[in-house]
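Here is the structure we will look at.
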């Protein structure tokens, strides 16, 4: 009897479960319709830790994106489209490899500024708790995210990750991240306007400031060392501006000394210390035979007055001195200092007609590649140095007949090797 009763109870349970089955199935379907499994969620949308902000009355988000996901998140710019149908410029094939090389060659100290993008649609933000600005941003994967600022950085990241030697050396590069600022901009017109606004006030740091802060470039390091160790340069160099302004009592810009030192050491292949020794010794000797420069340093004459009177207070002559110095160190290694003393007998006055067509054009200072070469030619001839074929080519197009070039002071092109 007891067994029969248990059998009946089990049968009743089975019957009840059959009755409940349709209800459970319906509930399961409803749950699936409203909730996704983690796998389904990953497949259908991006999720990023985010900070929500408000700008111009609209929400925007700052998120951290793994470098391996940068290419997938942002839609590539179609350069074939006319500019009015896109919100970005065409990629420069020169810039992208340079940025990629920068990333891969500086694995422990590269810096990538934030990317800026526009989401063409409405993402979903879930705050970490009520009224929190921190949370998770969900973006459907079929929603377009356009790059508004940083398309070259985006392309460079993709290139860096694709390079085989990077994967072998630093397999974790893709795990590193970049900050991305995302605006919600439905439509091309809004994206284009935001691109225009982002670039409206963009100003690139000038060359002098870049050189002052660049500790990775060897020539920049050498230039700063030269300025420190040449007393007159240390006193009269502006480290922030590309060119000295009219009211400044500085005589040189750091960028000008950089260009002049680069010309001086052209072709030199020695060590950093050897190059620094050459440059410091040369520029100290130049300043020694330039009494007018010392007058500025002593406060006896204002820098602007000297600039108005003489050509040697301008960047074109400083670089020309570096170029002439390269030839001097190559040709007269033993007695170059005594030869350089001849600079003291050169007429640096802007009133002298010999500078016209060289450092001057119609009485105004000219600074370009040709003017540097032509000015250096005059200095070379004054010091009794030879002119190379490239120098002569520039002389042939010079209208002025000054200075008269001695035909004996001509030879073939040679590699500049400062000693």
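The values are calculated or read from the model by the stated rules, or taken from the named source; none is laboratory data. In this text, all values refer to a predicted model and were calculated from it rather than measured experimentally. Using ideal geometry, Cβ is built from the backbone for each residue, glycine included, and neighbour counts are taken over all protein chains shown.
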If you go through segment 183-197 one residue at a time, do you hit one that is in contact with a strand residue (DSSP E or B) (Cβ under 8 Å, 6 or more places away or on another chain), modelled with pLDDT of 80 or more, assigned by TED's automatic domain parsing to the domain that holds residue 66 and outside any helix (DSSP H, G or I)? yes
Given (1) at pLDDT 95 or above; (2) surrounded by 15 or more Cβ atoms within 10 Å (Cβ to Cβ), number of the condition residue 357 does not satisfy: (1)
Which condition breaks for residue 97 when tested against (1) within 23 Å of the chain's Cα centre (by Cα); (2) modelled with pLDDT under 85? (2)
Wholly within segment 252-316, which helices (runs of 4 or more DSSP H) include no fewer than the required count, namely at least 1 residues that are in contact (Cβ under 8 Å) with a residue 60 or more places away in the chain and under 17 Å from residue 350 (Cα atoms)? 291-297, 303-309
Could you tell me which residue of segment 125-159 is nearest to residue 214 (Cα to Cα), considering only residues that are free of Cβ contacts under 8 Å to residues at least 60 places away in the same chain and outside any loop (DSSP other than H, G, I, E, B)? 153
Filter result for residue 174 (in contact with a helix residue (DSSP H, G or I) (Cβ under 6 Å, 6 or more places away or on another chain), surrounded by 15 or more Cβ atoms within 10 Å (Cβ to Cβ) and not assigned by TED's automatic domain parsing to the domain that holds residue 312): yes
For the list (1) under 18 Å from residue 219 (Cα atoms); (2) surrounded by fewer than 15 Cβ atoms within 10 Å (Cβ to Cβ), I need the number of the one condition that residue 278 fails. (2)
Taking the condition over 30 Å from residue 305 (Cα atoms) and assigned by TED's automatic domain parsing to the domain that holds residue 325, does residue 278 pass? yes
